[in-house]
Each structure stands twice: as C-alpha cells, then as structure tokens.
1. For Q266, only one of the following conditions fails: (1) out of contact with any strand residue (DSSP E or B) (no Cβ under 7 Å at 6 or more places or on another chain); (2) touching a residue at least 40 places away in the same chain (Cβ under 8 Å). What is its number?
2. Could you say whether any residue in the stretch 322-335 is touching a Gly at 6+ places or on another chain (Cβ under 6 Å) and farther than 24 Å from A96 by Cβ?
3. Is it true that W255 is of a type in the set (F, W, Y) and at pLDDT 95 or above?
4. Could you please let me know if Y27 is in contact with a His (Cβ under 9 Å, 6 or more places away or on another chain), aromatic (F, W, Y) and closer than 21 Å to I239 by Cβ?
5. Test H38 against the stated conditions and say whether it is on the phi < 0 side of the Ramachandran plot and open to solvent by less than 50 Å² (accessible area, probe 1.4 Å).
6. Name every residue in the stretch 324-381 that is open to solvent by 20 Å² or more (accessible area, probe 1.4 Å), in a helix (DSSP H, G or I) and among the hydroxyl-bearing types (S, T, Y), in order of residue number.
7. Out of all the residues in the stretch 293-322, which are in contact (Cβ under 8 Å) with a residue 60 or more places away in the chain and either part of a loop (DSSP other than H, G, I, E, B) or out of contact with any helix residue (DSSP H, G or I) (no Cβ under 9 Å at 6 or more places or on another chain) (or both)?
Amino acid sequence: MSLTLYNTLTRTKQPFTPHNPERVTLYVCGPTVYDYAHIGNARPVVVFDTLFRVLQRLYLRVDYARNITDIDDKIIAAAEQNNEPIEAITARYTTAFHTDMAALNALPPTFEPRATEHIADMISLIESLIAKGFAYVAEGHVLFDVAAMPNYGSLSGRTAEDMLAGARVEVADYKKNPADFVLWKPSVGNQPSWNSVWGKGRPGWHIECSAMSGKLLGLPLDIHGGGHDLIFPHHENEIAQSCCAHDAPVYANYWMHNGFVTVDGQKMSKSLGNFTTVRQLLEQGLGGEAIRYVLLMAHYRQPVDWSAKNYDQATNNLEKIHTALRGIELPENNTAEPDSAFLDALLDDLNTPLALMRLQQLANTLHKNKDATVAATLKAS
C-alpha cells in the first residue's frame with residue numbers, strides 16, 4: 001500500500017508523490033519560545049514526528065525542518081515582564097521544549113533553524129518582493145500587497161471579507177489595503193533590531209518561515225505541516241511570499257493540518273487559560289509515552305480531548321502491550337518487520353486510531369499464546 005495524505009490545498013486525499021524521491025522534504029511550523037509548551041503545542045510535534053517516521057521507512061533521505069521562533073512580540077513582552085534579557089527567555093524555553101518533546105519520544109528534526117539566525121535571508125526575500133512589485137515601504141514598515149497576487153487566499157478558500165476578519169490585522173493609515181500584512185517593522189526603544197535599508201527593525205512572523213524553509217529545503221516543499229489554526233493567515237501568507245519572491249507556481253505540494261486539543265470540547269490555548277503544559281504533566285508523574293498515546297488516539301485531522309479518562313485509557317492500553325511482551329525472549333539480531341495491518345493504517349493518511357487498535361489486537365493475541373514471532377512483530381510495530 002502506498003502513502004496517501006489529505007491535502008488541505010485540494011481538500012482531497014491524494015497519493016503522495018515526492019518532487020524528488022531521492023530527497024523528501026517536510027517543513028513544520030515550530031514553537032515560539034516564550035513559555036512552556038502545552039499539550040496543544042505538543043500535538044503537531046507528535047503528529048509530524050509520526051509522519052517523519054513513516055516517510056523514513058519509505059524513502060532513503062527525508063529532510064525534516066521545524067523552526068524555532070525566537071523573535072516575536074510575545075517574547076519581547078515576556079522579557080519585559082520578567083525583567084530578563086530576551087536571550088535568557090528563548091534559551092530557557094528552547095531547552096525546555098527539547099526536553100519535554102523528547103519525553104514524548106519525538107525525534108529531533110533534521111534541521112531546527114532559529115529565526116534570528118536567518119535575518120539576512122529574510123531581508124533578501126523582502127528585497128526581492130519589493131523589486132518585483134509585491135511589497136511596498138510605508139513609514140518604516142514593509143508590507144505585502146495582497147492585491148498584487150491574484151490567487152491570494154487559495155489555501156483557506158476565504159473571501160476577501162473573511163480573510164480580513166480572520167487575520168486580525170493592524171488597522172493603519174499607511175496600508176494600501178487593510179489586509180496587507182507586515183514583512184518588516186521598525187523597532188522602538190530597547191526592542192531587538194537589525195539594520196536594513198528600511199531602517200532598524202525586525203521581521204514579521206510570516207516571512208520567517210518562508211525564508212527558513214526556502215533556504216534549507218528549497219522549493220517546492222513536498223509537505224508543509226502545522227496546526228489547523230495556522231491555515232490563515234500564517235500559511236496563506238507564506239504561500240504568497242514564497243511564490244512571489246521565487247517566481248514559483250507552487251510553494252508546497254501537500255499541506256497537512258492537525259486538529260486542536262480540546263478540554264471539555266473547548267480548544268486548549270494560553271489565551272483562554274485552559275491549558276496544561278507538558279512540563280506540568282511530567283512533573284505530576286504522568287508518562288510521556290501515555291501522553292503521546294492520547295495525542296494519537298484521534299485521527300490527526302480531528303480534535304482530541306485531553307482528559308483523565310483518555311489518559312487512563314492510554315495507560316491501560318500501553319500496560320497491556322508491555323505485559324504481553326514481558327517474559328518473551330527475542331533474539332538479539334531480531335529482524336522482524338512491523339505488522340502489515342499496522343503499517344497500512346499509517347499509510348492511509350496517518351490513521352493512528354486504527355494503528356493503535358491493531359497493536360491492541362496483537363497484544364491480545366500474545367496474551368492467549370506467547371508466540372515469539374507475534375511478539376517480534378508487535379515490538380517492531
């Protein structure tokens with residue numbers, strides 16, 4: 001069975017065909033490091049870590065980039081509130097993110113670019129957009145001119161009115177169009193800044209991912225992933241910037257978006273105050289393997305509810321698997337392959353609920369008959 005993926009851009013499930021089978025590329029939007037990651041932040045990490053593992057099984061080379069946003073208004077605000085240097089804030093929470101995601105058994109990506117390491121690439125991209133007539137300078141800001149791109153909005157499928165409402169854009173007299181978004185903005189006071197032909201300033205959020213993904217992976221990307229809430233405006237704006245700057249018809253061939261983590265049916269988020277961090281759960285003694293299991297219990301495109309009930313179910317299911325494997329001697333040179341039904345479920349648009357169900361079926365078989373062949377297959381899965 002070949003890999004099929006749901007493509008947000010086409011709104012259909014499609015067979016996956018890489019641009020270059022010798023080098024498959026995957027880019028996923030990473031954390032903004034101003035606080036500990038909550039369970040909602042961890043879901044895309046776990047989802048796309050699962051995809052990364054599947055791709056590695058199918059292709060010899062998979063380059064997976066997940067960025068670190070280490071310059072952002074939220075980071076500036078956190079530094080001011082804590083009376084700390086920005087570098088101290090970003091260093092602490094980057095280290096915490098690495099530790100917490102490792103506890104969830106997430107592999108490190110191939111590349112982990114930090115925004116502050118690619119400012120020159122962002123400036124170069126902005127200069128190209130201005131030269132080609134897709135961006136303009138106004139009062140120290142550089143803005144993308146959405147009217148200059150006829151198919152702006154193709155990913156989200158929103159009307160111009162919907163896009164304006166959804167973007168929560170800053171209303172400013174210097175904009176040609178209220179929907180125009182910032183590529184570069186001036187810094188004031190002690191805010192971080194870099195020199196540019198437009199004056200001292202810092203990049204907008206959207207340009208960061210365009211610059212880093214293009215620099216490290218090249219265009220077109222095979223797969224671009226992230227949370228459902230990033231479809232608009234972030235991913236829509238990435239498409240606009242990247243396609244226009246590089247004269248490219250396509251930025252990414254496949255777009256994948258995971259659903260929210262909910263608490264009692266409501267999206268978990270810092271703004272709503274109903275979040276729980278991965279760090280808190282680990283410090284309370286919850287297991288990283290079980291936390292990961294909960295995040296995979298629902299299909300990645302659907303919401304998954306974080307609850308004590310789901311965590312207990314995950315713990316019980318994992319215990320059944322570990323108990324089934326206990327006491328069975330496997331040869332050191334065990335070369336067993338993962339179960340075919342388990343793999344087929346993952347190849348079908350990452351159907352992790354079905355894949356986990358298959359693991360339980362294998363564990364039940366082992367409970368009835370301690371068969372080393374079945375045990376080897378279960379362990380390989």
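The values are calculated or read from the model by the stated rules, or taken from the named source; none is laboratory data. Keep in mind that what you see is a predicted model, and the values were worked out from it rather than measured. All Cβ positions, glycine included, derive from the backbone under ideal geometry; neighbour counts span all protein chains shown. For the accessible areas, the whole protein counts, side chains as well, though only heavy atoms, and no ligand, DNA or RNA atoms are used. Shrake-Rupley method; radii C 1.70, N 1.55, O 1.52, S 1.80 Å.
1. Every listed condition holds for Q266 apart from (2).
2. no
3. It is true that W255 is of a type in the set (F, W, Y) and at pLDDT 95 or above.
4. Considered against the rule, which asks whether it is in contact with a His (Cβ under 9 Å, 6 or more places away or on another chain), aromatic (F, W, Y) and closer than 21 Å to I239 by Cβ, Y27 comes out as yes.
5. yes
6. If the condition is that a residue be open to solvent by 20 Å² or more (accessible area, probe 1.4 Å), in a helix (DSSP H, G or I) and among the hydroxyl-bearing types (S, T, Y), then S340, T365, T373, T377 are the ones that fit.
7. Filtering the stretch 293-322 down to residues in contact (Cβ under 8 Å) with a residue 60 or more places away in the chain leaves 293, 295-296, 300-301, 304, 306.
Residues satisfying the conditions are Y300, R301, W306.
Residues are listed down the side, and each one gets a yes or a no for (1) acidic (D, E); (2) buried (at least 20 other Cβ atoms within 10 Å of the Cβ); (3) out of contact with any Leu (no Cβ under 9 Å at 6 or more places or on another chain); (4) part of a strand (DSSP E or B):
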| site | (1), (2), (3), (4) |
| --- | --- |
| S2 | no, no, no, no |
| K13 | no, no, no, yes |
| H19 | no, no, no, no |
| E22 | yes, no, no, no |
| T25 | no, yes, no, yes |
| R43 | no, yes, no, no |
| F48 | no, yes, no, no |
| V54 | no, no, no, no |
